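Trainee: Submitted below is the structure of interest, expressed as structure tokens.
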Amino acid sequence: MMYPYYGGGMGWGGLVVTTLSMIVFWGGLIALVVLLLRRHDGTATRILEERLAKGEIDADEFDRVRKTLRSR
């Protein structure tokens, strides 16, 4: 049986769908990483605030450590 063309490609529609799918995939992956990194920073800041509230650290140490966390 002879085929009318070689390979049976998807054409332009398949190329567009594949490109959009990859953009959505990588965009979602990057957004997830950013969200997790921000959430982690929020947890560290929350713990730092709790230590300040309990009196374990003073305001100067709180500011110093918070600046260090933000610089990362």
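Trainee: With a ≥ b ≥ c the root eigenvalues of the C-alpha gyration tensor of segment 22-72, is it rounded (a/c under 1.5), prolate (a/b larger than b/c) or oblate?
Mentor: It is prolate, given that a/c is not under 1.5 and a/b is the larger ratio.
Trainee: Continuing with this model, one more query. Mind giving me the nanometre distance, one decimal, between the label points for residue 18 and residue 67, set 7 Å out from Cα along Cα→Cβ?
Mentor: My value for the distance between the label points is 5.2 nm.
Trainee: Using label points projected 7 Å from each Cα along Cα→Cβ, tell me how many nm separate residue 59 and residue 43, to one decimal.
Mentor: Spacing of the two 7 Å Cα→Cβ label points: 3.0 nm.
Trainee: At 1.4 Å probe radius, can you tell me the per residue accessible area of segment 12-72 in Å²?
Mentor: Counting only protein heavy atoms, the per-residue value for segment 12-72 is 87 Å².
The values are calculated or read from the model by the stated rules, or taken from the named source; none is laboratory data. Note that the structure is predicted; figures quoted are calculated from it, not measured. We place every Cβ from the backbone using ideal geometry, glycine too, and count neighbours over all the protein chains shown. Ligands, DNA and RNA are stripped out before the accessible areas are found, and what is left, the full protein with its side chains, is counted by its heavy atoms. Shrake-Rupley method; radii C 1.70, N 1.55, O 1.52, S 1.80 Å.
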